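Take a look at the structure set out below.
The values are calculated or read from the model by the stated rules, or taken from the named source; none is laboratory data. Computed from a predicted structure; not experimentally measured. Glycine also receives a Cβ, built like all others from the backbone with ideal geometry; neighbour counts cover every protein chain displayed. To get the accessible areas, we keep the full protein, side chains included, count just its heavy atoms, and leave off ligands, DNA and RNA. Shrake-Rupley method; radii C 1.70, N 1.55, O 1.52, S 1.80 Å.
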Amino acid sequence: MRLDRFLAEMGVGTRNEVRKEIKSGRVSVDGHTIKDPGCKVQTDSLVELNGEPILYEEFVYYMLNKPAGIISASDDTFEETVVDLIAEQKRKDLFPAGRLDRDTEGLMLITNNGELAHRMLSPKHHVDKTYYAVIMGDVTERDIRAFSDGLVLPDGLECMPADLEILSRVTDDLYAAIENDSLENSVMTEVNITIREGKFHQIKRMFSSIGCEVMYLKRLTMGPLELDETLLPGEYRRLTEEEVDSLLKL
Ligand code: URA
């Protein structure tokens, strides 16, 4: 690839900025000063800027614990995005692999590997995604069977079979008092739900179709990738080599 592209992709600056650096003689390739921005280099060439090596990384992968209130986009004129939360990012080609609603928390993969993201999200590949959810309403064994048979939503959407696990039931008198609601309505159920597709508001729509409301939603896994619970909402880390390998095998 061209030397200016190599440096721009590694976040040294814009194409114009790196061209200026190159022309001013601050860049060397394999020990030789190069002043031609179009000089061809390999990804394993020793490229140095002011004597500091710049290593080429084709793909990068971050695990983010998405906080509520942030949108799942690469960039936005008005709002902070999940990619903005990756403070160390210098490259411009990062995007979130899949979307979570603004109020959903949890596991988000931020990468520049479009092919991998496509594989993870394509319904054909059926990559499991597990969420923890707090549901307003009493989720029952009958609902477990209905989810596993494949719900048909009121708008006609035929959902793929989903695994629903009831973790606990909570009756919150305080909530009922505040809401001036009947006690019956204040039953909440904690569940884990695993889906294999990702239609718009899918989990919220699935619960809505059985007369329940999702109060809290957090993604825990995407295929082999599990949310690192040491990451507080808004924190991120690079994927380990093992995690990257497990995704590349998908
Ligand atoms: N399903 C939803 O309803 N919302 C999400 O953010 C993810 C899955």
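Yes or no: the stretch 192-209 includes at least one residue that is in the same structural domain as Arg102 (by TED's automatic domain parsing), in contact with a His (Cβ under 9 Å, 6 or more places away or on another chain), at pLDDT 95 or above and open to solvent by 70 Å² or more (accessible area, probe 1.4 Å).
Initial filter on the stretch 192-209 (in the same structural domain as Arg102 (by TED's automatic domain parsing)): 192-209.
After this cut, where a residue has to be in contact with a His (Cβ under 9 Å, 6 or more places away or on another chain) as well, the list is 196-197, 208.
From what's left, at pLDDT 95 or above: 208.
After this cut, where a residue has to be open to solvent by 70 Å² or more (accessible area, probe 1.4 Å) as well, the list is 208.
Yes: the stretch 192-209 contains one or more residues that are in the same structural domain as Arg102 (by TED's automatic domain parsing), in contact with a His (Cβ under 9 Å, 6 or more places away or on another chain), at pLDDT 95 or above and open to solvent by 70 Å² or more (accessible area, probe 1.4 Å).
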Practice prompt. Report yes if some residue within the stretch 56-71 is more than 22 Å from the chain's Cα centre (by Cα) and either open to solvent by 20 Å² or more (accessible area, probe 1.4 Å) or more than 29 Å from Ser246 (Cβ to Cβ) (or both); otherwise report no.
Written response: yes
Fill in: Where a residue in the stretch 39-57 is of a type in the set (Phe, Trp, Tyr) and its partner, wherever it lies, is surrounded by 11 or more Cβ atoms within 10 Å (Cβ to Cβ) and outside any loop (DSSP other than H, G, I, E, B), with Cβ under 7 Å and at least six apart
Tyr56/Phe6
Practice prompt. Taking only the stretch 108-138 into account, find how many residues are open to solvent by 40 Å² or more (accessible area, probe 1.4 Å) and part of a strand (DSSP E or B).
Written response: 1
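Look through Asp172, Asp163, Asp149 and report the one residue that is more than 13 Å from the ligand (Cβ to nearest atom) and modelled with pLDDT under 95. Give the steps one after another, and end with the answer.
Details: Asp163 fails: modelled with pLDDT under 95; Asp149 fails: modelled with pLDDT under 95.
From the options Asp172, Asp163, Asp149, the qualifying one is Asp172.
Hey, among Asp84, Asp75, Asp30, which residue is of a type in the set (D, E, K, R) and not assigned by TED's automatic domain parsing to the domain that holds Met120? So that I can check it myself, show each step before the final result.
Values: Asp84 fails: not assigned by TED's automatic domain parsing to the domain that holds Met120; Asp75 fails: not assigned by TED's automatic domain parsing to the domain that holds Met120.
On inspection, the qualifying residue turns out to be Asp30.
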Practice prompt. Any residue in the stretch 187-204 that's closer than 12 Å to Asp101 by Cβ and within 7 Å of the ligand (Cβ to nearest atom): show its pairings with residues that are at pLDDT below 95 and open to solvent by less than 20 Å² (accessible area, probe 1.4 Å) at Cβ separation under 7 Å, as long as the two are six or more apart or on different chains.
Written response: Gly198/Gly98
Discussion item. Checking Asp75 against (1) of a type outside the set (A, V, I, L, M); (2) under 30 Å from Leu217 (Cβ atoms); (3) open to solvent by less than 70 Å² (accessible area, probe 1.4 Å), only one condition comes out false. Which one?
Written reply: (3)
Worksheet item: Which one of the conditions (1) surrounded by fewer than 17 Cβ atoms within 10 Å (Cβ to Cβ); (2) over 27 Å from Asp245 (Cα atoms); (3) not aromatic (Phe, Trp, Tyr) does Val12 fail to meet, given that it meets all the rest?
Response: (1)
Worksheet entry | Among the candidates Glu141, Glu105, Glu165, residue that is crowded, with 19+ Cβ neighbours inside 10 Å and either touching a strand residue (DSSP E or B) at 6+ places or on another chain (Cβ under 7 Å) or within 20 Å of Val191 (Cβ to Cβ) (or both) | Glu105
Item to complete: Give the residues of the stretch 32-55 that are under 16 Å from Lys20 (Cβ atoms), open to solvent by 40 Å² or more (accessible area, probe 1.4 Å) and assigned to a strand (DSSP E or B), sorted by residue number.
Response: Thr33
Discussion item. Going residue by residue through the stretch 87-105, is there one that turns out to be closer than 23 Å to Glu57 by Cα, more than 15 Å from the ligand (Cβ to nearest atom) and modelled with pLDDT of 95 or more?
Written reply: yes
